[in-house]
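Report on the structure given below.
The values are calculated or read from the model by the stated rules, or taken from the named source; none is laboratory data. Source: prediction; values computed, not measured. A quick note on method: Cβ atoms are made from the backbone with ideal geometry, for glycine too, and the neighbour counts reach across all protein chains shown. Side chains are part of the model used for accessible areas, which takes the heavy atoms of the whole protein and leaves out ligands, DNA and RNA. Shrake-Rupley method; radii C 1.70, N 1.55, O 1.52, S 1.80 Å.
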Amino acid sequence: THGRPEGGRGGDWRGGARMIRVSLTLNAGPQAGRPLAVAVVKPDAAALRQLAVGKLRLKKRDAERARLFVWGRGVEMPREGDVRAFVANGETLAVSLGEEYSGGFSRARGPDGGAPPTAGFAADELQRWSARGADLLVVEWADAQVMNRSLGRMSTLLEHPAHCALAQPRLVDVRTQRTLPSSSYVGHNLYAHVFDEFERRARDGAALAAPAGEARTAVPAPDEVDPTSGLTSDEAAFLRAWRERGGARVVINFVAGAEITLAHELCHARYALEPEYRKAADALWVEHAPHMGGWMRDLGYHASRHADEFTAYALTEATAFWRGKIDVIELRRIRALFPPAGASHCLSYS
């Protein structure tokens, strides 16, 4: 999964609040909306400003007038104090040199700064499905919020360090899900076995919550679960569409325009479908686990997901993402171990 908010993928800093992962972009000019740096930082206004000044190398005069906005929402960061009520983990902050917010809202741009997410989508079209062989479906979503309402709890079940299937016997509830990383991802990697387990746990949870035979009094709202299936309407619609298209083993999801995210998510498809790729990724993680295991957990992953996620990040993220933990020479070595899938391959990034 990629690009992702408890507000998000982050660990604990020593003061007790969760760290947040943010990207930085410029608010204006030709680079506006395109992530220029990624970091995990304390959720504090002063820490974010210091990060922006350092990463974007702002001069003293520019630093004094700098303003930070959440890209895609236009929310301005306060100049002091806790920022968790303003920005979710995984979001992008636009750095202004005093000017007002210049980006779009909601669907105005893709999360990777690409083409507008709604380009080519009909007004009422939520997603586009494409098959890449019998085992893989790729789903392009017009809107991140709809995608995350549909898939967030499934990703939590797959990979959250405290709420995944290997850590908890029950499915996370919808209210708690709103505070977790996968509620603001820009991509999700999901699998048939996860869907099966998700539906089973949802049914079990519904049975525990409502005694058998209890009358249904109303149609559930979008954020409420059906009393029989335990699914929200968005979750049920997605799973129905997946089955109608053959029930592929792997389903890759991304918000339209997020091409970097798509590349990251397709690495997960390769891990699931290509034995040689998976073997190499597992071996790579054995090398790096001793010094990177804690960091991967801080990013929001259960240990069972570390090898797959670490390799996907290594193959798609810029050197700045690693904050000195992995240098450019090591990244080049890693990438040489995993040549990209050919242009005709179903897992090609293009």
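Tabulated data for the structure shown
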quantity: Positions within the stretch 30-62 being at positive phi and open to solvent by less than 20 Å² (accessible area, probe 1.4 Å), in sequence order; calculated: Gly33
quantity: From Asp282, Asp327, Asp298, residue being of a type in the set (Asp, Glu) and either surrounded by 19 or more Cβ atoms within 10 Å (Cβ to Cβ) or at pLDDT 95 or above (or both); calculated: Asp282
quantity: Candidate set from the stretch 63-105 (those that are open to solvent by less than 10 Å² (accessible area, probe 1.4 Å) and assigned to a loop (DSSP other than H, G, I, E, B)); member that is farthest from Val255 (Cα to Cα); calculated: Ala66
quantity: Selection from the stretch 132-157 of residues that are over 25 Å from Thr179 (Cβ atoms), open to solvent by 10 Å² or more (accessible area, probe 1.4 Å) and either part of a loop (DSSP other than H, G, I, E, B) or in contact with a Cys (Cβ under 9 Å, 6 or more places away or on another chain) (or both); calculated: Arg132, Gly133, Ala134, Asp135
quantity: Where a residue in the stretch 67-83 is more than 15 Å from Glu100 (Cβ to Cβ) and among the acidic types (Asp, Glu) and its partner, wherever it lies, is open to solvent by less than 40 Å² (accessible area, probe 1.4 Å) and at pLDDT below 85, with Cβ under 8 Å and at least six apart; calculated: Asp82/Ala17
quantity: Residue check for Ala256: modelled with pLDDT under 90, in contact with a strand residue (DSSP E or B) (Cβ under 7 Å, 6 or more places away or on another chain), open to solvent by less than 30 Å² (accessible area, probe 1.4 Å) and not polar (S, T, N, Q); calculated: yes
